[in-house]
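The structure appears right after this line, and notes come after that.
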Amino acid sequence: MLKDGPATARPPVTHWPTPALEGVDFDPVLAGLMQAGPVTRIRLPNGSGWAWLVCRYDDVRMVANDPRFSRKLVAEHDVTRLAPHFIPAPGAVGFEDPPDHTRLRRTVAAAFTTTGVERLRTRAKEMLDGFVDGILADGPPADLTERLLAPFPLAVVCELMGVPEQDRPVVHEWTTLILSSAQGAERSERAKNEALAYLAARLRSGDVPHDDSVIGLLDKAVRDGEVTLEEATGLGLLIQIGGEAVTNNVGNMAYILLTRPDLMDRLRARPELRSSGLNELLRYIPHRNAVGLSRIALEDVVVAGQLIRAGEAVYVSYLAANRDPDVFPDPDELHLDRSPNPHVSFGYGPHFCPGAMLARLESELMVDALLDRFEDLRFTVPTAELRWRPGALIRGPEGLPVTWS
């Protein structure tokens, strides 16, 4: 135990109201917290008490990868948080620590290998072309979110999950409600329970694909005694929700390209920049409001000179880490050729997003479609009239009304 000294002098608690933000503007409260120091204290709109916030790139990666910080204990604490409807599904992989966390992720690993994701590429491209062909056949104007950015990731993640086409609309409705507090905590919680019940019924029925779909892999893991049914449904729900986050993230990318035609022109003229350009867009966009899931310190730990005591809650900000000037020179500017670009947009450590490769594949295909298949793509309304998802945990536009030549 450290004696009282500089490491125990605690910074003030900053209330973070997380106001509804429009466009891709960086959260001004988070910007102020970054200026205040590498480790500060925050109070979010829901839950109780306060929590530590870690912002600097190296510190974020250390905490995210350090077994002295537990996700499992978060379910037992009423930690200050953004969402009013925080009730994790029992056994959910996002609230497990190794070795249980490792055991759960291993059950679906085959669906997310490079080979597995690349196997899906051809089918994903076929589905994307079908959506784009329909948009072009109907002619302008169109809402990109409604016609492409929402249905395409839904179709891909449901293909990966093994969700039949007739079930996809209701699955999409559930995940939208889970990811938003706009209709209240009770409605979000009911949607979560309905989605879990659906997955449990599919697994109990035995009517599942015996392949490398997520439901197929979970069914095998349950039958082999590797996971419980409760654990399987919690893991399946997390993957379904994560898959649909692509809609908002690519919506933010599309907004940037449509409001920065110089960037769109450059990517069209120099296709070799698209890979690094997508990485830079992933670094730059606001993936979420505020912060994600917290961790609980299992013992006293010093981070950036600040003593975090056992039992205290800690958040890391991947958004802040992606703007660390010591790692990303000129961090508030978009440089399509930025290299190296070690962004942490998909997290870091044991809880690194299992669907990162799939999300990148979907994003790449959709951005390519916007660049290659639409001539003179532009908004039909002033950008000030665009609406952004209210109460959403993941930031993104409600709609992107566009026209083209």
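The values are calculated or read from the model by the stated rules, or taken from the named source; none is laboratory data. Everything quoted here is computed from the prediction, not taken from an experiment. In this analysis, Cβ positions are derived from the backbone assuming ideal geometry, glycine residues included, and neighbour counts consider all displayed protein chains. These area figures cover heavy atoms from the full protein model, side chains too; ligands, DNA and RNA do not enter into them. Shrake-Rupley method; radii C 1.70, N 1.55, O 1.52, S 1.80 Å.
Need pairs with beta-carbon distance below 6 Å; first residue free of Cβ contacts under 8 Å to residues at least 40 places away in the same chain and within the stretch 377-396, second open to solvent by 70 Å² or more (accessible area, probe 1.4 Å); sequence gap 6+ or separate chains. Listed pairs, sorted by first residue: Arg387/Glu398.
Against the criterion of being within 18 Å of the chain's Cα centre (by Cα), of a type outside the set (A, V, I, L, M) and either crowded, with 18+ Cβ neighbours inside 10 Å or closer than 30 Å to Ala304 by Cβ (or both), Arg56 does not qualify. Could you list all residues from the stretch 226-262 that are open to solvent by 40 Å² or more (accessible area, probe 1.4 Å), touching a residue at least 60 places away in the same chain (Cβ under 8 Å) and more than 21 Å from Glu280 (Cα to Cα)? The answer is Glu226, Thr228, Glu230, Leu238.
Quick one: Thr40 ticks every box in (1) of a type outside the set (D, E, K, R); (2) under 22 Å from the mean Cα position of the chain (by Cα); (3) in a strand (DSSP E or B) except a single one, so which number is it? Just one mismatch for Thr40, condition (2).
With respect to being in contact with a Pro (Cβ under 7 Å, 6 or more places away or on another chain) and on the phi < 0 side of the Ramachandran plot, Arg338 falls outside the description.
Against the numbered list (1) closer than 26 Å to Thr102 by Cα; (2) out of contact with any strand residue (DSSP E or B) (no Cβ under 6 Å at 6 or more places or on another chain), Phe69 comes up short only at (2). Of the helices (runs of 4 or more DSSP H) lying entirely inside the stretch 106-207, the ones with 1 or more residues being in contact with a strand residue (DSSP E or B) (Cβ under 6 Å, 6 or more places away or on another chain) and surrounded by 14 or more Cβ atoms within 10 Å (Cβ to Cβ) are found at 114-138.
Would you point out which residue out of Arg168, Arg204 is over 17 Å from Gly355 (Cα atoms), in contact with a Cys (Cβ under 6 Å, 6 or more places away or on another chain) and in contact (Cβ under 8 Å) with a residue 12 or more places away in the chain? Criteria check complete, one pass: Arg168.
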